[in-house]
Amino acid sequence: MIFNSLTFLVFFAAVMALHYAPFFSWHQKKINLLLASYLFYAAWNPPFVILLWISTVVDWWAAQWMVRAKREHTRKLWMLISVVVNLGMLGYFKYGGFLLDNFVDLAAAVGVVYHPPGWDIILPVGISFYTFATLSYTLDVYLRRSKPAGSFLNYALFVTFFPHLVAGPIMRPTELVPQFEQPRQARLNQIFFGLALLTLGLFQKVVLADGFLAPVVEAVYDAPGKMPGMLDSWVATLAFAGQIFCDFAGYSTSAIGVALCLGFAMPDNFRFPYGAVGFSDFWRRWHITLSSWLRDYLYIPLGGNRHGQARTYAALMGTMLLGGLWHGANWTFVVWGGLHGLYLSCERWLRSRFKGFTPGRAATLGLALLTFALINITWVFFRAKTFTDAGVVLKGIAGMQAKPDPLIAAGPMILAILIVSAIFGTHLAMRNTTLEAVIERTPSVAIAGIWSVLLFAVIVEQGQGSAFIYFAF
Amino acid sequence: MPSSISHSKARDAEVRGVREGALPAGLRQTASHRPGQAQPVPTRDIPLRPWVKMGVFAFAATTLMTAAWEWNARTNIGLRAGDIDDSPQAWAEARRAASSAEVAIVGDSRILFDTDLDRFEKMTGVRPVQAAIVGTNGRALLENFANDAKFKGLLIVGMADTSYFRPQGVGIGGPYLKSFNKNDKPSQLTGLWLDRWLQNYLAFMDSDYRLSRWAPRFDNGWRKGTDSPYDDVWKISETFPGRQYFMWDRIETDPYLQGHARYAWHGFKRPPLPRAVADKVIERSAEAVRRIRARGGDVIFVRPPSAPALRVNEEKSLPRSVGWDRLLVGANAKGIHADDLPQAQKLVLPELSHLSRKCAAVFTDAYVRRLVELTPRLKLRADAPPPLGRTDCAPALPKG
């Protein structure tokens, strides 16, 4: 089930009614939420609920046995069982075909012709997200950062809680399990603010990402045989920057709003990322829950910055390459991650070279623009299906197409430029504040007016119920 | 603000994760500020604003705006509740039903608009499953059925020659075919049912008048070499249960919309199709027909009419003798061409490419009467309605 669907509206109304029904105990309400979350997941593909159960049960018992273990290597063994089961499922469903294809290519390169049977495995929705969420549970227990959850129900609900289940934010058990321990009921102002966030998220997804930006992106990136020029390549790539942000931040905002309506707090996942000055700043603002997960469970264990320069750069590159692969089983995603790793490494070197440099206002703006432009180059690899496609767009971006084809009509192009400029401008203006702080400074009438316009736009756009881009990850 | 909250309240908010009032950005930390730690319950701020009043105002204002929009859709645009629109999910539903159907129809918009399913059923007692898709290569759909081991019925393959013989690509139906197996999920089905239910009451829910579809139409061909949204095909049809398409009545009655719809076809001007491409299409069609017949099914091709102004260009691109005639020979299949049906001559094609609603019934009547002669799978009912003719849908021709 996806937030931008009529089915979800009915589902959510039913969940709210059950959650606020006076005749249920807190324990029963948690069971209701758990069942609703399974229903939410099964609505997409019922058999894959089994994977959720496997992940839940294995990690629950792994943590339990880890705590009971007397010897260190027994603890390690349970941790490894959890890691192998979780990454095994992820590897099989998400990377099986990719590994097989690469094996075939590798074999062919050494002269061995191998024709494996077709790999026709459907990717379970959200598997990358809930695998990371459950892994953080056993890893935190193993690292003695946290105790195991006190009840299986609380833990199962943490894994399955529908607002974050299929596309994040990637929550840690310590963020959510304590919230299930005490009865929670949102106050009216909390519910209405949650609904306002849900409206904002849906507006980003339905109106901006799917309605206005996606067609502009597709006109260039899904036009086989066409050679886009500089204007078309830049506009399509900028539109994709807007689309991927509105798609994913829209999902996160909706998820936070939905959780708030039920009385739960979820963490920020985006903080005006296109207002970033530099790439480390970008990754503190973009998909925060993933970047911090990769930092805590990959970069730091790889050595982080504790073992000299060379090891730091290697850890950085390794983390970003694997982070790229997390996004999709394709070498284009690896290059996307690699470019970000390269940017971060360069930035790290420049910071050590020019210690004490503090940019003024103009320099800050210039650096933000440079950051945004370079991030757009990485989006080419994220969006293009093949390196050939990426090469065509990059050639266009560089203005090197000999006879470019005009691909984007003026109307959609103008609207896309206006939307992306508004996104970039908003991110720059709000980079040092929060949405909540701005709302608090804005007259209530203006907020209510904007809210109604956004809601009206969502209704008039209707949407096609298309899945979020990040669902596929 | 923080100072207005007592220590115990602030502590309570911290534990609960939700606090009244917005924290300064630097104080509301995220996991990025806490490397290598167990992350605490996140803090969410509720800005100090009268949210209930604002919410009531926003919902009331939205209801008013939506009501005004609905009024505008009905009175100014001419949309109607009950025009339930089509979608990949709706097609997937039809496609699943088609697997076990006695008769299914595939092809592009012409066979979709020009077949009156009620008339078909009244005449034969069989209601075909309509699985044609606008702007889509009928050959790709024919192959889709050839790959369906369950299908053993009669497949009517409708075509506009230029669409059927297109050198590459499936057209608009590409995503329909590609995501077919994703469109039968429980959430997709409930979404489809809810959407249809709402569209029975709300006229504005028309995909041709979505915000992002009509907003860019200010672009009246501003950039040469691109398809401007103004010049694109706008709404020309209404859709009813069972994917029954009919010409939108405003195209029949509104000169501006009719003129726009005619212009959008650009005369169906295409460069001449290389014979080798036609041969390839015929070869693939023949293989698909062979496979359907091998398991007990059959295929009959139908070529609905197009207005002379288009027909002349269609013939220039692909003469009947090179396309249609050779397809029937190559695929060893039977076919019904509108040119060969006396009752289907000089019917009304308001925007040159598709029949008017009334004339769709006349054409259906004409081709079904021929169909029952070509296949033993269908029979004319004893109580079938009497034949229709041109006068049942078109104004009288001037004398002389």
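Only the coordinates and a few stated rules stand behind these numbers; no lab work does. Just so you know, these numbers come straight off a predicted model, no measurement behind them. Note that we place each Cβ from the backbone using ideal geometry, even for glycine, and neighbour counts take in every protein chain shown.
Side notes on the structure shown:
- Taking A:Met66, B:Met159 and counting other C-beta atoms within 10 Å, the order from fewest to most: A:Met66, B:Met159
- In Hz, Karplus ³J(HN,Hα) per residue of region B:237-243 (6.51, -1.76, 1.60; θ = phi - 60°; x = Gly, Pro): 9, 10, 10, 10, x, x, 6
- Magnitude of the charge dipole for chain A, about its Cα centre and with charges confined to Cβ atoms of Lys, Arg (+1) and Asp, Glu (-1), is about 1660 debye.
- Taking A:Ser146, B:Ser356 and counting other C-beta atoms within 10 Å, the order from fewest to most: A:Ser146, B:Ser356
- Kirkwood estimate for region A:144-204, i.e. one over the average of 1/r between Cα atoms, Å: 13.4 Å
- Taking all Cα pairs closer than 8 Å and separated by 6 or more residues, the relative contact order of region B:59-164 comes to 31 percent.
- At q = 0.14, 0.15, 0.17 Å⁻¹, base-10 log of I(q)/I(0) for region B:302-400 (Debye sum, equal scatterers on each alpha carbon): -0.61, -0.70, -0.87
- Pairwise inverse Cα distances across the protein assembly as shown, averaged and inverted, put the Kirkwood hydrodynamic radius at 30.1 Å.
- Less than 5 angstrom separates the built amide H of B:Lys334 from those of B:Phe301, all sequence-distant by 5 or more or on a different chain.
- With 19 Å as the limit, the listed pairs A:Lys226/A:Lys385; A:Lys205/A:Lys226; B:Lys358/B:Lys379; A:Lys385/B:Lys224 have A:Lys205/A:Lys226; B:Lys358/B:Lys379; A:Lys385/B:Lys224 beyond it between alpha carbons.
- The alpha-carbon atoms of region A:134-269 define a convex hull whose volume equals 130 cubic angstrom per residue.
- Share of alpha-carbon pairs per 5 Å distance bin for region B:14-148, given as whole %: 2, 7, 10, 11, 8, 7, 6, 6, 7, 8, 9, 10, 5, 2, 1
- In region B:234-294, the trypsin sites (Lys or Arg not before Pro) that fall in loop regions by DSSP, at most 13 other Cβ within 10 Å: B:Lys269
- Remark: the protein assembly as shown carries a charge dipole of roughly 1800 debye about the Cα centre, counting +1 on each Lys and Arg Cβ and -1 on each Asp and Glu Cβ.
- Cβ charges +1 (Lys, Arg) and -1 (Asp, Glu), total dipole of region B:335-400, debye: 120 debye
- Percent RCO, i.e. relative contact order, over chain B, from Cα pairs under 8 Å lying at least 6 residues apart: 19 percent
- Convex hull of chain B built on C-alpha atoms - directionally averaged projected area, nm²: 29.0 nm²
- Our summary gives chain A a relative contact order of 20 percent, counting only alpha carbon pairs under 8 angstrom and 6 or more residues apart.
- Exposed trypsin sites (Lys or Arg not before Pro) absent - longest run of chain A, DSSP non-H/G/I/E/B, at most 12 other C-beta within 10 Å: A:145-305
- Counted by neighbouring Cβ atoms within 10 Å, the residues A:Ile414, B:Ile282 run from fewest to most as A:Ile414, B:Ile282.
- In summary, the convex hull built on the alpha carbon positions of region B:81-189 has an orientation-averaged projected area of 7.5 nm².
- Comparing B:Phe180, B:Phe246, B:Phe113 in a Gaussian network model of chain B (Cα springs below 10 Å), the most mobile by mean-square fluctuation is B:Phe180.
- Across region A:270-275, computed HN-Hα scalar couplings (Karplus, 6.51 cos²θ - 1.76 cosθ + 1.60, θ = phi - 60°) run 9, 9, 6, x, 6, x Hz from first to last residue, x flagging Gly and Pro.
- Volume per residue of the convex hull around the Cα atoms, evaluated for chain A, comes out as 182 Å³.
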